[in-house]
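Derivation of every value follows stated rules applied to the coordinates shown; laboratory data play no part. All figures in this text were calculated on a predicted structure; none of them were measured in a lab. Cβ atoms come from the backbone with ideal geometry, glycine included; neighbour counts cover every protein chain shown.
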Amino acid sequence: METATLLFLSFIIVQRLSELVIAKRNTARLLEKGAYEVGAEHYPVMVGMHSLWIACLLFLGYGESVSYGWLALFAVLQVLRIWILGTLGARWTTRVIILPEPLVVAGPFKYLKHPNYTLVVAEIIVAPMVLGLFWVAAIFTVLNAAMLYVRIGVEDKALAELRTK
């Protein structure tokens with residue numbers, strides 16, 4: 001395996017695992033502050049889909065060479081990820097947690113309603129393309145679109161209900 005491929009795949013694994021740790025900690029803190037979760041039913045499906053995506057990257061991308069053009073785009077996406085996570089701070093989580101406080105409207109949230117979901121859409125396409133895995137990008141883009149249809153619907157409904165209280 002090329003060193004660049006190993007480093008890329010290792011980065012994705014470490015990043016996603018560290019995000020789960022951060023998300024778990026932030027979720028617990030938000031719940032202590034009076035927040036509540038919605039859409040918990042679809043969360044295991046989402047985790048399963050993302051886990052399968054990573055498994056496909058690992059097993060199908062293992063012997064592939066890195067495309068440095070796609071890798072550069074992936075690096076840009078990571079800068080956007082840091083901006084999103086930094087803007088949300090302790091409010092960032094992988095679950096749909098509703099906090100009865102005003103929504104964050106700073107940073108990328110000034111420009112997009114769901115910047116984190118937009119970023120994930122891009123990553124699901126770009127990361128496989130770093131390894132030339134077009135079919136992984138295509139299949140998981142469709143699966144992720146279905147997941148986001150459910151997730152954004154649940155989130156938007158809960159936020160609308162919160163605004164009417």
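Some notes on this structure:
- For the stretch 46-74 and the stretch 113-165, distance of Cα centres in Å: 16 Å
- The stretch 1-63 shape via C-alpha gyration tensor axes, a/c threshold 1.5: oblate
- Label of the coordinate-derived value, log10 I(q)/I(0) by the Debye sum over Cα atoms at q = 0.12, 0.19 Å⁻¹, listed as (i) -0.57, -1.32; (ii) -0.54, -1.09; (iii) -0.50, -1.31: (i)
- Virtual spin-label span in nm between Leu52 and Ala72, 7 Å along Cα→Cβ: 3.4 nm
- Estimated FRET transfer efficiency when R0 is 35 angstrom, pair Leu99-Leu7 (beta carbons, to 0.05): 0.45
- With respect to the chain, whose longest principal axis is taken over its alpha-carbon atoms, helix 3-32 is tilted by about 10°.
- Length added when fully stretched, Glu41-Ile139, from 0.36 nm per residue minus Cα-Cα: 33.0 nm
- Positive-end residue of Pro100, Phe74, Tyr62, charge dipole of the stretch 3-164 with Cβ unit charges: Pro100
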